[in-house]
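The values are calculated or read from the model by the stated rules, or taken from the named source; none is laboratory data. Keep in mind the model is a prediction, meaning the values are calculated, not measured. All Cβ positions, glycine included, derive from the backbone under ideal geometry; neighbour counts span all protein chains shown.
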Amino acid sequence: MKPIIPEDERSSEPLDNERIIYHPDMVRANEWILNEYEAPFREICIFVPCAKRKPYHESPSHKKFDRIIFGLAKPEDVHIVTFGTCGVAPRELDTQYPFMHYKFMMGKCNVTQIKRDFIKIESERLACYLEKTRDNYGHRIAYCIGDFRTAMEKALEMVDVEVSLVPGESTIRSMLQPEKSFIYNSLSCKEYLQDFSDAIAEALKLPERKVGLREDLSVDDTDWYPL
């Protein structure tokens, strides 16, 4: 696959600090996706948060999400798009620079201005992607909490494209951890994953399935996680 950014054109700025959202190569890669990338046509698009381990599709969290997704859907019916610190990264591009190379996790950022900028920048990118692909997908699901969810919600205020947000608000309220730094609990918890599974089943008009978890397969390394 041709690199999005050739090696001899890459910035020397580091990819391991809180200014990752402003990094020239992250900006350039996202501009390429939003302006030149051609998304496939699929029955369903599923947006999932980026992960600490790269490539995302080999991370413990994404493998867990995949067990839910592909336990219900055929691979040829699904397009997975990762979003968050990376911007917007379709799965087939998650081995590309800079998505494979940055190390900073926005979930650990406590700088108010950067978090505000992240929500603004990410919501605009998501809105652009949703508009660009409005005819590519029959259904869209976004599995997200925290600031990633806020960014998706703001994106949906900008475009008239339907996206089902999961987990549900009532489930999120029931799982709050007020004593934690990140109060929303983990996307790896059974209750959230059940909402995720139910949303996919509903979109594909399939019977709902009960989600079970094996502790040895339930490591969470999403960008937002309980501290």
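Things to note:
- Tallying residues that are of a type in the set (G, A, S), under 24 Å from Y129 (Cβ atoms) and part of a loop (DSSP other than H, G, I, E, B) within segment 8-29 yields 1.
- Selection status of I121, in contact (Cβ under 8 Å) with a residue 12 or more places away in the chain, of a type in the set (A, V, I, L, M) and in contact with a Gly (Cβ under 9 Å, 6 or more places away or on another chain): yes
Yes/no matrix, rows are residues, columns are (1) more than 13 Å from the chain's Cα centre (by Cα); (2) closer than 16 Å to Y102 by Cβ; (3) polar (S, T, N, Q):
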| position | (1), (2), (3) |
| --- | --- |
| P49 | no, yes, no |
| R53 | yes, yes, no |
| P60 | yes, no, no |
| F65 | no, no, no |
| I80 | no, no, no |
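- Screening F148 with (1) more than 16 Å from R67 (Cα to Cα); (2) in contact with a strand residue (DSSP E or B) (Cβ under 8 Å, 6 or more places away or on another chain); (3) without any contact (Cβ under 8 Å) to a residue 60 or more places away in the chain gives one miss only, at (3).
- Within segment 25-40, the set of residues being among the charged types (D, E, K, R) and surrounded by 18 or more Cβ atoms within 10 Å (Cβ to Cβ) comprises just one member, D25.
- Top-ranked residue in segment 103-124 [being at pLDDT 95 or above, touching an Asp or Glu at 6+ places or on another chain (Cβ under 9 Å) and not hydrophobic (A, V, I, L, M, F, W, C); ranked as surrounded by the most Cβ atoms within 10 Å (Cβ to Cβ)]: E122
- For segment 169-181, the criterion of a residue being buried (at least 21 other Cβ atoms within 10 Å of the Cβ) and either part of a helix (DSSP H, G or I) or at pLDDT 90 or above (or both) is satisfied by no position.
- Inclusion of S197 among residues that are surrounded by fewer than 16 Cβ atoms within 10 Å (Cβ to Cβ) and farther than 22 Å from S123 by Cα is not warranted.
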